[in-house]
Amino acid sequence: MELRIEDLAARSGVRVDTIRYYQGKGLLPPPRRDGRVALYGEAHLERLARIRALIRDGLSLAWIRRVLSEAHAAGDREPLLSALVEERVGERTLSRAELAAEAGIPEALIGAAQAAGLVSPIRVGDEERFGEADLQMARAALALLSAGIPLDELISLAVKHARATQEVAEQAIELFDRHVRKVGGADADAAAITTAFRTLLPAATRLVALFFQRTVVTQALARLEGRGDDAALREAIAATESARLEVAWK
């Protein structure tokens with residue numbers, strides 16, 4: 001089967017300019033050339049269907065390129081990819097209005113967080129949808145704002161934290177790839193890798209959260225001690241000794 005790009009668009013339901021965009025981004029292999037005519041085949045149809053399915057699952061084009069570049073099968077998704085999608089989106093998705101209503105915050109605040117790169121919705125067709133993690137983050141942000149922290153300063157600090165977290169996360173993914181996922185090569189058990197991912201992700205999350213809490217508490221105590229406020233210091237030490245951080249996980 002050989003198709004011109006217009007025929008490929010009609011068969012796949014993907015617009016011509018979108019096909020060219022995917023091709024430019026390396027998501028779609030180049031067509032066969034017959035003189036000046038570009039000809040596409042069954043493999044291109046399957047790849048476009050795969051891309052659309054991954055977009056519906058909430059993956060960004062950057063993630064899709066990564067998935068496709070590792071030559072995953074064009075049929076069923078591997079278990080690890082399914083686990084990633086589940087952790088990214090959660091059990092349900094919400095519109096911006098639904099997210100604002102459930103979190104108890106204005107939609108404009110969600111827009112500000114999105115503009116700052118702190119919230120990253122998925123696209124389902126032409127609609128933006130948010131996951132359970134976005135809802136929990138919105139509620140946490142509301143608690144901080146309710147305590148009197150100014151919105152602009154909170155967003156500025158959150159942006160700094162997000163940039164540092166993204167860099168560390170990339171390195172953490174590389175560690176998982178080298179020492180867990182790629183151990184055993186092509187014959188590695190996909191189910192075992194997925195089980196390891198589901199075990200290690202909450203462990204890593206708890207490790208990061210506990211380290212952050214300990215660092216904040218240590219620095220806060222040092223500041224109180226430096227001020228010579230013995231009464232406040234004793235109360236703070238008592239509070240931190242009795243406190244236990246709980247990191248909820250699905």
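The values are calculated or read from the model by the stated rules, or taken from the named source; none is laboratory data. Note that the coordinates shown come from a computational prediction; the quantities given were computed from them, not determined experimentally. Don't worry about glycine lacking a Cβ; one is built from the backbone with ideal geometry, like all the others, and counts go over all protein chains shown.
Looking only at residues in segment 166-191 that are modelled with pLDDT under 80, in a helix (DSSP H, G or I) and surrounded by 12 or more Cβ atoms within 10 Å (Cβ to Cβ), the one that is farthest from the chain's Cα centre (by Cα) is Ala190.
Scan segment 53-98 for residues that are modelled with pLDDT of 75 or more and touching a helix residue (DSSP H, G or I) at 6+ places or on another chain (Cβ under 6 Å) and the total you get is 3.
A count restricted to segment 146-162 and to residues that are touching a residue at least 24 places away in the same chain (Cβ under 8 Å) and touching a helix residue (DSSP H, G or I) at 6+ places or on another chain (Cβ under 9 Å) stands at 3.
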